[in-house]
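The values are calculated or read from the model by the stated rules, or taken from the named source; none is laboratory data. Just so you know, these numbers come straight off a predicted model, no measurement behind them. Positions of Cβ are generated from backbone atoms using ideal geometry, with glycine treated the same way; all protein chains shown enter the neighbour counts. All accessible areas refer to the heavy atoms of the entire protein, side chains included, with ligands and DNA or RNA removed. Shrake-Rupley method; radii C 1.70, N 1.55, O 1.52, S 1.80 Å.
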Amino acid sequence: MLTIQVSAEEFIPKLTELFEKSSAGEEGGTVFLTQKRLTRVDREEGEDTVMEGTEQAEREEWPVLLRATARWREGEEKISTRVTPTSLSSFLNAYAALLRSSFAPHMRKRDKKREKRKADASAARKRKLETPVVIEGPKRGAGRRKRARRVKAEAKRVEALEKEREREREREKGGKVGVPGV
């Protein structure tokens with residue numbers, strides 16, 4: 001099917017129709033959205049296109065091309081628009097509002113109870129790491145195995161505490177934790 005080029009004002013209502021059509025019952029389909037900067041604007045014959053990386057190309061403001069393709073069993077429908085830099089901010093506000101309203105019903109709600117349980121479990125683990133293991137009992141004779149287990153548990157706790165502190169230092173730096181070569 002051919003792509004229908006519409007004005008920026010017509011694009012939002014047409015996109016709304018595509019979302020409604022794609023989410024309707026058995027006819028349900030998929031809407032693909034693409035957005036890119038246009039570097040080749042309609043220029044007069046013989047005029048060169050400014051190449052990337054030049055000073056003029058970096059100063060120049062370019063229009064944005066938006067495309068929407070809706071696919072369902074019966075076929076597909078495509079619409080596109082070209083938005084000028086001067087009207088881009090107002091267009092993007094309307095576009096963002098449309099996307100939020102179209103996606104919101106399909107989003108999964110946050111499970112706040114599960115998040116709270118995870119946070120509580122994490123806090124409990126940190127408290128346990130901060131609490132040292134008391135090593136008491138004889139080195140030989142009755143209770144030596146119990147003492148050996150406690151010594152081993154303390155060594156493991158110290159190692160885990162060091163790893164946690166290393167992770168926190170990495171987070172403060174802004175690096176990724178646990179990924180080699182990054």
Using a cut-off of 28 Å between alpha-carbon atoms, which lysines can reach residue 128, once sequence neighbours fewer than 8 places away in the same chain are excluded? 112, 113, 116, 118, 139, 146, 152, 156, 163, 173, 176
Residue span residue 172 to residue 131: 0.36 nm per residue of separation minus Cα-Cα distance leaves a gain in nm of 12.4 nm
Work out, step by step, the length gained on full extension between residue 23 and residue 151: first 0.36 nm times the residue separation, then minus their alpha carbon distance; give nm to one decimal. 39.9 nm
Taking R0 as 41 Å, what FRET efficiency do you get between residue 123 and residue 9 from their Cβ-Cβ distance, rounded to the nearest 0.05? 0.20
Virtual spin-label span in nm between residue 111 and residue 36, 7 Å along Cα→Cβ: 4.0
Using r as the Cβ-Cβ distance of residue 97 and residue 60, and R0 as 45 Å, what FRET efficiency do you calculate, to the nearest 0.05? 0.95
Per-bin percent of Cα-Cα distances, the range 99-149 [10 Å]: 20, 19, 19, 16, 11, 7, 6, 1
Which value results for Rg/Rh of the range 85-172 when Rg is the Cα radius of gyration and Rh the Kirkwood radius based on the inverse mean 1/r? 1.41
Express the accessible area of the range 59-133 per residue in Å², computed with a 1.4 Å probe while the remaining protein chains stay in the model. 76
